[in-house]
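Step one of this worksheet: look at the structure below.
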Amino acid sequence: MPTKEVIILKELLSARGDFVSGSLLAESLGISRVAIWAHMEKLRAQGFDFEAVRSKGYRMTQRPDTLNESLIKASLPRVASNLEIALHDEIDSTNSEAERLLANGAADPFLVLSKRQTDGRGRLGRQWHSPDNGNLYASFAFRPEVSPARLSTFTLWMGVNICECVNAFFRVESNVKWPNDIQISGKKLAGILTEARMDADQTRDLVLGIGLNVNGVAADWPEELRATATSIREEIGTAQDANRFTASLAGRVMLAYEQFVSDEYRARLKDKWKSYDALEGREVSLLHGDAKISGKAWGIDPHGALIVERADGSRIQVRAGEVSIEK
Ligand code: BTN
């Protein structure tokens, strides 16, 4: 059930800057106009502002510039309307929190967000730098009824969908570097960390963790990240609306998840991957077991493995690893 504040925000957002009458709000919520005023004061304390005119009602004049749970909920598209959302100021890792909640029996699907992570983690045991700087740290939690074998394409499918959502929302041109990076002009914009718990032949639960640099600025990043990372703000030059974007991303992830579970995604993955593949036709090298492999990348196989063509023309399928682009 949405809270009263979320319902009020929804009304004000759909008025697109016009006035919404206080009595209409009071009537639709079944509360007094004084109670509406009290909710407006609570919203003001969160960084919203409203113009109140006696004969016209309220209109929104300012939104918080940091992540705000009520605003994200009020902006969610219909496809994500059953998604529970919790936003923290600080947490160790949104993936860890989602896993704890799943283990304690929380109903799925849900989304854990945090403004900052003290122990954010990336793939291959790496740390994910997670200060409170307007970047997004998000974990979606699910209990999918799919066999573990089918999960090998999950991160790739989510990656192309996140990439497409970023491009449409911000009008940028990001692409996907197999298996889990989203980048712009070769610099990392986002990383995905999928973690699943399996029973013998069933997936018990699944967490899709996304770290996406929205409003971080390079000047604040550790030296070693400046050459390799970017953010939407760095690319566009101005701060962006992370609340509206988070709501849009939630809608895209929910839709992509439904398509994944119903298997509807299968026919589309190959084409979508081709549209956003950062590696296609590039000379790459990677570790395959203990051996270093070099060759040309030629997309993915139906199981999500990277196809690499070696100098002698033989092709191998690589299931996991860290790719470097050579040329
Ligand atoms: C990678 O590129 O190595 C994946 C990075 C994933 C980082 C995100 S931030 C939100 C979620 N919580 C975590 O601890 N990690 C993921």
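Summary of computed values
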read-out: Some residue of the range 84-98 being within 20 Å of S248 (Cβ to Cβ) and more than 16 Å from the ligand (Cβ to nearest atom); value: yes
read-out: Within the range 189-233, considering residues that are open to solvent by 60 Å² or more (accessible area, probe 1.4 Å) and within 15 Å of the ligand (Cβ to nearest atom), the one farthest from Q117 (Cα to Cα); value: T228
read-out: Some residue of the range 158-173 being touching a residue at least 12 places away in the same chain (Cβ under 8 Å) and near the ligand (Cβ under 10 Å from one of its atoms); value: no
read-out: So E173, is it assigned to a loop (DSSP other than H, G, I, E, B) and in contact with a helix residue (DSSP H, G or I) (Cβ under 9 Å, 6 or more places away or on another chain); value: yes
read-out: Verdict on E41 being surrounded by 14 or more Cβ atoms within 10 Å (Cβ to Cβ), part of a helix (DSSP H, G or I), charged (D, E, K, R) and not assigned by TED's automatic domain parsing to the domain that holds L113; value: no
read-out: Sole residue being crowded, with 16+ Cβ neighbours inside 10 Å, of a type outside the set (S, T, Y) and assigned to a loop (DSSP other than H, G, I, E, B), chosen from L25, L12, L67; value: L67
read-out: Subset of the range 120-166 (residues that are in a helix (DSSP H, G or I) and either in contact with a Phe, Trp or Tyr (Cβ under 6 Å, 6 or more places away or on another chain) or of a type in the set (A, V, I, L, M) (or both)); value: L124, A149, L151, L156, W157, M158, V160, I162, C163, V166
read-out: Residue in the range 259-273 that is under 18 Å from K188 (Cα atoms) and not β-branched (V, I, T) present; value: yes
read-out: Filtered residues of the range 103-124 (kept if farther than 11 Å from F140 by Cα and either more than 8 Å from the ligand (Cβ to nearest atom) or open to solvent by less than 30 Å² (accessible area, probe 1.4 Å) (or both)); value: A103, N104, G105, A106, A107, S114, K115, R116, Q117, T118, G120, G122
read-out: In the range 131-164, residue farthest from N104 (Cα to Cα) [restricted to those that are open to solvent by 10 Å² or more (accessible area, probe 1.4 Å) and among the hydrophobic types (A, V, I, L, M, F, W, C)]; value: A149
read-out: Residue match in the range 82-93 (condition: of a type in the set (G, A, S), on the phi < 0 side of the Ramachandran plot and open to solvent by less than 20 Å² (accessible area, probe 1.4 Å)); value: yes
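The values are calculated or read from the model by the stated rules, or taken from the named source; none is laboratory data. The structure presented is a predicted model; accordingly, all values stated were derived computationally and were not measured. No Cβ is skipped: glycine too gets one built from the backbone with ideal geometry, and neighbour counts run over all protein chains shown. Side chains are part of the model used for accessible areas, which takes the heavy atoms of the whole protein and leaves out ligands, DNA and RNA. Shrake-Rupley method; radii C 1.70, N 1.55, O 1.52, S 1.80 Å.
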